[in-house]
């Protein structure tokens, strides 16, 4: 017998199979019952056909023997001998044929637990039922219309073809933009290609970050409508959106230079980068602090960690850990492994989001080195994780999914830290879709940050009330383990605090206060930290006189 229950707010279905010998009937029952269960990615309705493969169309149901749950799951992403999921129509072992009663249910269960050889199925290597087809999406860029999948998945090709600097972006925009660009709002006029490019060039002159865009991101932006594209807003500055910086802004608002990040290089430069004081080339408004990767500097930091037993958690950050060579990553990782009191370390990179091909490139050893460190960590009882940075569902493609799946198959823990950005992901629908996309890719949503006070990006910040509202709207609509912590990284070095833990919040002035009792040293004990809403939100909230 089988019982099906579901909770409609989250679209979660539970199927309990009490008798494996009758699983064929159970699957048919599940298909009939599943019509009422919301399924964001699956078919809208399933017929009660005795052959579930036909009922699912191009999708198939798979039995997960350890849990008794039937679910649409990709088999082509599974190693052939893993006893994780079995397509019931493609199992070789006769004793596992689900319409065969030759062996007892107990023996069936024992065979399932031991594992079985699974016939390869002609399924593309992307998530079954997802919106991602294995298409060469980069070929919509004219200069890459003949680029093969093999070349696009090469990290060497990607680094050679990124768009870095003002003049390279100018040439790219001339190639890609239509003559007329749709307006940002219904009441706004359309603008010409030349007007848009001038707006961007003037914006670059005012921005603290230089320009660097990867092929994956360039291919993911809607160049027919760049004013409304969420990725364009994140990475391409425009003078027309510029707002005066908050008067309480400092360039290193989180006091991070005291903690020595590892590098000043990233695979892509984000407009809203907290470390705009150091990351990337000098701009017309900011001369960068030098944090270049040097072994002597690393050795000094690693020696300090080794001589400080109170340090148990280490973040390899920067900059971006993608800028490290595999040898550099090995050297740092091995040193941390050999320090007994370091129990956890995290490798921070936006690379999985903006240049996922590196993870799949067989000729690049960075991911292999990360996997090796993760395996050694498990052997030694140390936790190793990759922390990445997706902000919007449009940053995902089938390449992103396959890259994340490779890490998942190799037991690498991956967590995501998103930043709340106005007009990008500050509504419940977009943020909810992002969290589900992360979950589908086996990436754990970890943090959603309120935007830091960064020079030149006041237009992207949101008031504290926005992040409070988002958490309230999303909680209960998504599985609890996919809910991130919604936090404020306090100016002045107060660390991360739950946004809802504010001590006071005055919407009229836009000033909220927090305390961080656990933060000690550097005159931080008992300090009250202030966070400031963007000035335009304060003005909009004031009553008219």
Under 28 Å from residue 226 (Cβ atoms) and in a loop (DSSP other than H, G, I, E, B), is that true of residue 470? no
Kindly list the number of the only condition in (1) more than 26 Å from residue 356 (Cβ to Cβ); (2) crowded, with 22+ Cβ neighbours inside 10 Å; (3) at pLDDT 95 or above that fails for residue 438. (1)
Which one is nearest to residue 175 (Cα to Cα) among residues in region 133-160 that are at pLDDT below 95 and in a loop (DSSP other than H, G, I, E, B)? 135
How about region 169-201: which of its residues are touching a strand residue (DSSP E or B) at 6+ places or on another chain (Cβ under 9 Å) and in a helix (DSSP H, G or I)? 169, 171, 172, 193, 195, 196, 199
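Count, please, the residues in region 441-460 that happen to be at pLDDT below 95 and at negative phi.
Applying the first criterion (at pLDDT below 95) to region 441-460 yields 451-460.
Filter once more, keeping what is at negative phi: 451-455, 457-460.
Total meeting the criteria: 9.
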Given the criterion modelled with pLDDT of 80 or more and within 24 Å of residue 322 (Cα to Cα), identify the matching residue among 227, 231, 254. 231
Residue set 342, 399; condition modelled with pLDDT of 95 or more and crowded, with 22+ Cβ neighbours inside 10 Å; output residue 399
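The values are calculated or read from the model by the stated rules, or taken from the named source; none is laboratory data. Since we're looking at a predicted model, the values are computed, not measured. Virtual Cβ from ideal backbone geometry, glycine too; neighbours counted across all protein chains shown.
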